[in-house]
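Peer 1: Would you mind keeping the following structure in view while I ask a few things?
The values are calculated or read from the model by the stated rules, or taken from the named source; none is laboratory data. Please read all numbers here as calculations on a predicted model, not as lab measurements. Cβ atoms come from the backbone with ideal geometry, glycine included; neighbour counts cover every protein chain shown. Heads up: the accessible areas ignore ligands, DNA and RNA and are worked out on the full protein's heavy atoms, side chains in. Shrake-Rupley method; radii C 1.70, N 1.55, O 1.52, S 1.80 Å.
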Amino acid sequence: MPSLKEIKTRIASVNSTRKITSAMKMVASSKLHHAQVAIQNMLPYEDMLEHILKSFLVSTPSVQCELEVEHKLVKRIALVVYSSNSSLCGGFNSNIIKMMMHAVDEYKAQGIDDITVYPIGRKVAEKAQKLGLHIAGDFTELAEKPNSSECAAIAKELAKKYVAGELDRVEMIYHHFKSAGSQILTRKTFLPIDLSTEAIGEDNDRDLTSNIATAKAQEYLRKKQEDQERQTTEAKPLNDDFIVEPDLNTVLSVLIPKHLHLMIFTALLDSLASEHAARMVAMQTATDNADELLRELNLQYNKSRQQAITNELLDIVGGSVNN
């Protein structure tokens, strides 16, 4: 049985750890709020671009873009994988790495060895280097500070290589941010781009109103959102009577690269918000575990202290009886 001094030292150690995890949880909560605001600021642009693109595609279903054409022979693959630069965020990075390794093994089983990784985040970059995969560049800073122009450069480079035949397929692996308590591990085809009207807008299911991550709170918010959707009337559609100049193909050649850029940037914002949400939940769990451990240690300390006092009293009483 440990001595009182050992238990007291352990209580002090757990208390110090609890202070750190509690502070990290608050920092992650603040960063999550900023990440949610960034997504919210981007959504109007995303919604309008998708609306315009969808209107064009519905009116002219026969138009086909080079980026939409699927290559018959797939030999060269690119994976855009999003992770974090730091740890202490639960299974966030390990889940991403597992899915990346699964995708690599799947392609290698098909006889495809030419796999290029675009690692947005230090953790996935280190793992890809250990696996001996070809790394396209250093995007470590992008994982902490989202930059729209750098995302546009990545999308432009991938589209250029796909059209030139240097790449036959491009996939994205990231966490789709649904809410503070739910981040969905997603593997999505980036190129050839899916321009079907059913696919546009399918990921706009985020809850950006709360940082609460408990199951009961999430269930309450979900039911509340369903009730609000039932009560609200459908919005009037925008005027889709567009005048296209100089021609539809030229306009689509501008809109589709913008849509690709938006896919890269949206996935980055989703991944960043998911990282902070995962870290917030992990630190909250660690704080709760520390509280539980402190209760057990305090109980053990009090029992040991009471036992020591009882033993001293018994010695005193025994000595007086002998005298």
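Peer 1: Provide the FRET efficiency to the nearest 0.05 for the Thr250-Ser30 pair, computing r from the beta carbons and using R0 = 45 Å.
Peer 2: That gives a FRET efficiency of 0.50.
Peer 1: Would you mind checking which residues have amide H under 5 Å from Val81's amide H? H placed 1.01 Å from N; only 5 or more apart, or other chain.
Peer 2: Under 5 Å from the amide H of Val81: Tyr118, Ile120, Ile173.
Peer 1: Follow-up question, since we're still on this one. With every protein chain left in place, what is the accessible area of Ile309 in Å² (1.4 Å probe, nearest 10)?
Peer 2: 60 Å²
Peer 1: Can I ask one more? Roughly how many Å² of Leu314 are accessible to a 1.4 Å probe, to the nearest 10?
Peer 2: Only protein atoms counted, so the area is about 110 Å².
Peer 1: Once each part is reduced to its C-alpha centroid, what is the distance from segment 258-323 to segment 105-123 in angstrom?
Peer 2: Cα centroid to Cα centroid, the span is 40 Å.
Peer 1: Now for a different question. In Å², what does the accessible area per residue of segment 1-95 work out to with a 1.4 Å probe?
Peer 2: About 59 Å² of surface per residue is accessible.
Peer 1: While we're here: Summing +1 for each Lys or Arg and -1 for each Asp or Glu, what net charge is found among the other residues whose Cβ lies under 11 Å from the Cβ of Ser22?
Peer 2: Neighbourhood net charge equals +1.
Peer 1: Give Lys8/Lys127; Lys75/Lys130; Lys108/Lys160; Lys25/Lys178; Lys127/Lys160; Lys123/Lys178 a once-over and call out the pairs whose C-alpha atoms are over 29 Å from each other.
Peer 2: Distance filter (> 29 Å) returns Lys8/Lys127.
Peer 1: If DNA, RNA and ligands are ignored and the probe is 1.4 Å, what is the ranking of Val58, Val124 by accessible area, most exposed first?
Peer 2: Val58, Val124
Peer 1: Run the 1.4 Å probe and let me know the accessible area of Arg279, rounded to the nearest 10 Å².
Peer 2: 20 Å²
Peer 1: Restricting to Cα pairs below 8 Å that are 6+ residues apart, what does the relative contact order work out to for segment 60-184? Please round to a whole percent.
Peer 2: 35 percent
Peer 1: While we're here: First measure r as the distance between the Cβ atoms of Leu57 and Asp114, then evaluate 1/(1 + (r/R0)^6) with R0 = 41 Å and state the FRET efficiency to the nearest 0.05.
Peer 2: Efficiency, rounded to the nearest 0.05: 0.80.
Peer 1: Thr310 versus Lys156, label points 7 Å from Cα toward the beta carbon: distance in nm?
Peer 2: 7.8 nm
Peer 1: So, one more: Under 18 Å Cα to Cα from Lys5, which lysines show up? Leave out anything in the same chain fewer than 8 places away.
Peer 2: Cross-link targets: Lys303.
Peer 1: Here's a follow-up. With a/c under 1.5 counting as rounded, go ahead and sort segment 50-133 into rounded, prolate or oblate using the C-alpha gyration tensor (a ≥ b ≥ c being the square roots of the eigenvalues; past the cut-off, prolate if a/b is larger than b/c, else oblate).
Peer 2: It is oblate, given that a/c is not under 1.5 and a/b is not larger than b/c.
Peer 1: What is segment 1-147 by shape, rounded, prolate or oblate, if you read a ≥ b ≥ c off the alpha carbon gyration tensor as root eigenvalues and call it rounded for a/c under 1.5, prolate for a/b larger than b/c, and oblate otherwise?
Peer 2: It is oblate, given that a/c is not under 1.5 and a/b is not larger than b/c.
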